[in-house]
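What follows is one structure encoded as structure tokens, with my remarks underneath.
The values are calculated or read from the model by the stated rules, or taken from the named source; none is laboratory data. Given the structure is predicted, the values throughout are model-derived calculations rather than measurements. Virtual Cβ from ideal backbone geometry, glycine too; neighbours counted across all protein chains shown. Note: accessible area is taken over every heavy atom of the protein model, side chains too, but ligands, DNA and RNA are not part of it. Shrake-Rupley method; radii C 1.70, N 1.55, O 1.52, S 1.80 Å.
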Amino acid sequence: MSGAGAGEPVLTRLRDGRERTARELVADLGLRDGARPDGRPTVAAVMIASLDGRIAVQGRSVALGHPADRALLREMRAGADAILVGTATLAAERYANLLDPDQRERRLAAGLPAHPIVATISRRLELPVEIPLFSEPDVEIVVFTESDAPAPEVGARLAVERFTPGTLRPADALRRLGERGVRGVSCEGGAKLLRLLVAAGVVDHLLLTVAPLLVGGEAPGLLDGAPLDPPARLALRDVHRADDHVFLHYGAGS
């Protein structure tokens, strides 16, 4: 039986036709079940792309979305200890109000902070402080940087983790999050950050929503950067659909 509430979008599993909620799908990932042997948190990337592989329409992902995709994104946030997102994505999507009220209540009832940590990498400590997220006093933001510039004054709780110039690697940033008690991370892109994580071999799950649109143009693809050599191989774990959107769950290849 589906755990969907009234009006809650569901995703149909293609293997057996079972309807499942975004909350059920995220629970199956076990994001917070425990730290990995290498000391870093489990990382699940959640992305959306058009049929031709574009991740934005006119600079934003919203036109690609579906109510079930929005539900999955926000349940990933609710189920993770931290969100990892690039500064360009923070700015383009104008991050704010990360969770719905019932999701915050669930986290508090479980003894967690109302919001996950928002983590980002900015080697030069250049942050989009004008977006609403940086004015939310109950949100903790952690920035990994190679800059020695002073941290900007913002309304959110901002912490700066500094690295010697030339030494900031995604795996090290993840281990620093692990030292903060983070066991599960939801990575929301963008394309440059996701490529860095894939190249470093630290993506354990990829939840990719394929939107039934052909976009064309110069919008970025799922990964942005030099070709991966060799290409990263993933293993298909599950497939769901909601209307004409397809939801693919890939795990790290063996």
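Under the 0.36 nm per residue contour assumption, what length would be gained going from the current alpha-carbon distance of residue 200 and residue 130 to full extension?
Gain on extension, residue 200 to residue 130, equals 22.1 nm.
Set Lys and Arg Cβ to +1 and Asp and Glu Cβ to -1, take the dipole of the range 69-221 about its Cα centre, and tell me which of 82, 154, 201 lies farthest positive.
Sorting the options by dipole projection puts first 201.
Rank by packing, highest mean first: peptides 122-135, 157-170, with packing defined as the count of other Cβ atoms within 10 Å averaged across residues.
122-135, 157-170
Per residue, how big is the convex hull of the chain when only Cα atoms are used? Give it in Å³.
For the chain, the hull spanned by Cα atoms encloses 137 Å³ per residue.
Ranked from highest to lowest mean number of other Cβ atoms within 10 Å per residue, what is the order of the peptides 50-58, 8-16, 229-237?
On the way: 50-58: 17.2, 8-16: 15.6, 229-237: 10.8.
Put in order of decreasing packing, that is 50-58, 8-16, 229-237.
Treat every Asp and Glu Cβ in the range 108-198 as -1 and every Lys and Arg Cβ as +1, leave all other atoms uncharged, and give the resulting dipole magnitude about the Cα centre to the nearest 20 debye.
460 debye
With contacts defined as alpha carbon pairs under 8 Å and 6 or more residues apart, what's the relative contact order of the chain in percent?
RCO, the chain: 27 percent.
Between residue 229 and residue 159, how many nm apart are label points set 7 Å from Cα along the C-beta direction?
3.9 nm
Could you provide, to the nearest whole Å², the per residue accessible area of the chain with probe 1.4 Å? It would help to have the intermediate numbers written out before the result.
Working: 12320 Å² over 254 residues.
On a per-residue basis, 49 Å².
Would you work out which of 103, 49, 125 lies farthest towards the positive end of the dipole of the range 1-155, given +1 charges on the beta-carbon of Lys and Arg and -1 on that of Asp and Glu, about the Cα centre?
Working it through, the farthest residue towards the positive pole turns out to be 49.
With +1 on the Cβ of every Lys and Arg and -1 on the Cβ of every Asp and Glu, and nothing else charged, how large is the dipole of the chain about its Cα centre, in debye rounded to the nearest 20?
Its charge dipole is roughly 460 debye.
Run the quick spin-label model on residue 109 and residue 60: label points 7 Å from Cα toward the beta carbon, then report their separation in nm to one decimal.
With each label point 7 Å from Cα toward Cβ, the separation is 3.2 nm.
From the gyration tensor of the Cα coordinates in the range 39-181, what semi-axes in whole Å does the equivalent ellipsoid have, largest first, with each one equal to sqrt(5λ)?
Calculated on Cα positions only, the semi-axes equal 24, 20, 16 Å.
Using 7 Å Cα-to-Cβ label points, what is the residue 33/residue 19 separation (nm, one decimal)?
Label-label distance for residue 33 and residue 19, simple model: 2.8 nm.
Using only helices, what value at 222 nm comes out for the chain when you add -39,500 (n - 2.57) per DSSP H run of length 4 or more and divide by the total residues, to the nearest 500 deg cm²/dmol?
One gets -6500 deg cm²/dmol as the mean residue ellipticity at 222 nm.
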